[in-house]
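Q: To start, I am sharing the structure in question, which I have written as structure tokens.
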Amino acid sequence: MPVPMRRLFVALTLCCALLAGATACGNSGTDAAQDTAAVVAAAADTPSPTTSAERQKFAKTRFVANAGLAAGATYQWIVKPWKAGKFKKGTKGRRFALVKAGLAGAFAYNRLKAATRNAQGDPTLSKALAPLSAGIDALKDLPSKLRKGDSTDDTVGSFDDIINKVKDAGKSAGAEVTDQVPSAGQLTGG
């Protein structure tokens, strides 16, 4: 699609005007370079630690988003098919349902670990989630069990139990978690 000549002329004129304005406003090249080098050196000499306010910025919001995605994936692709009986031997589409459940389990584990890291930025959330860290770590091997179809009842129960505990911990800390179903692209992309 050809671009009209008038647009090209306006764009070229604007670029030249901006370049000329920036060049005219600057100091001599050596003074500006020395000033910049001095500022960079001073900044490198005095490291500034991250303040507690910066660490806590949006900690609850990020926790709610990550925990919500984990809860949505668990419900949509693990709990719901399990309740519908799609994991039972001989059921049509069982293998596909188990593979999706395995992917959802890995995704949920990943998001729960991210939610745990987010919770460390908020003292109330950190205290509420501290007892659940061992349970979240125990979910690490469960996605492979789901993919293989091993003990699906126990595996689904473990995921559902941990998700409900994380939701309760968030609610007690003032960060209510609601299920957010991730897209299939988010599941496969991690």
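Rule-based calculations on the coordinates, nothing more; no lab input. Worth saying up front: this structure is predicted, and the values here are computed from it rather than measured. Reconstructed Cβ throughout: ideal geometry from the backbone, glycine too, with neighbour counts over all protein chains shown.
Q: Using only the Cα atoms, what convex hull volume per residue in Å³ does the stretch 149-190 have?
A: Dividing the Cα hull volume of the stretch 149-190 by its residues yields 91 Å³.
Q: Turning to a different aspect of this structure: Given a Förster distance of 35 Å, report the FRET efficiency between A84 and T124 from their Cβ-Cβ distance, rounded to the nearest 0.05.
A: Working from the Cβ atoms, E equals 0.40.
Q: Percent relative contact order of the stretch 50-157, based on C-alpha pairs within less than 8 angstrom and at least six residues apart?
A: 35
Q: Right, here's the next one. The stretch 86-126: D in µm²/s via Stokes-Einstein (Kirkwood Rh, Cα pairs, 25 °C, 0.890 mPa s)?
A: In µm²/s, the coefficient rounds to 203.
Q: Please list 81-91, 152-162, 110-120 highest first by mean number of surrounding beta-carbon atoms within 10 Å per residue.
A: In descending order of packing, they fall as 110-120, 152-162, 81-91.
Q: If the chain between T91 and R6 were fully stretched, how many nm would it gain, using 0.36 nm times the residue separation less the Cα-Cα distance?
A: 24.0 nm
Q: So how much slack lies between T13 and K140, counting 0.36 nm per residue of separation and subtracting their Cα-Cα distance, in nm?
A: My answer for the length gained is 39.8 nm.
Q: Measure off 7 Å from each Cα along the Cα-to-Cβ vector at T188 and K148, then give the distance between these two points in nanometres to one decimal.
A: Modelled inter-label distance: 2.5 nm.
Q: Hey, any idea what the orientation-averaged projected area of the convex hull of the stretch 118-162's Cα atoms comes to, in nm²?
A: 3.4
Q: In the stretch 125-163, whose amide N lies under 20 Å from the spot 7 Å out along Cα-to-Cβ of V99? List them in ranges.
A: It comes to 142-152, nothing else.
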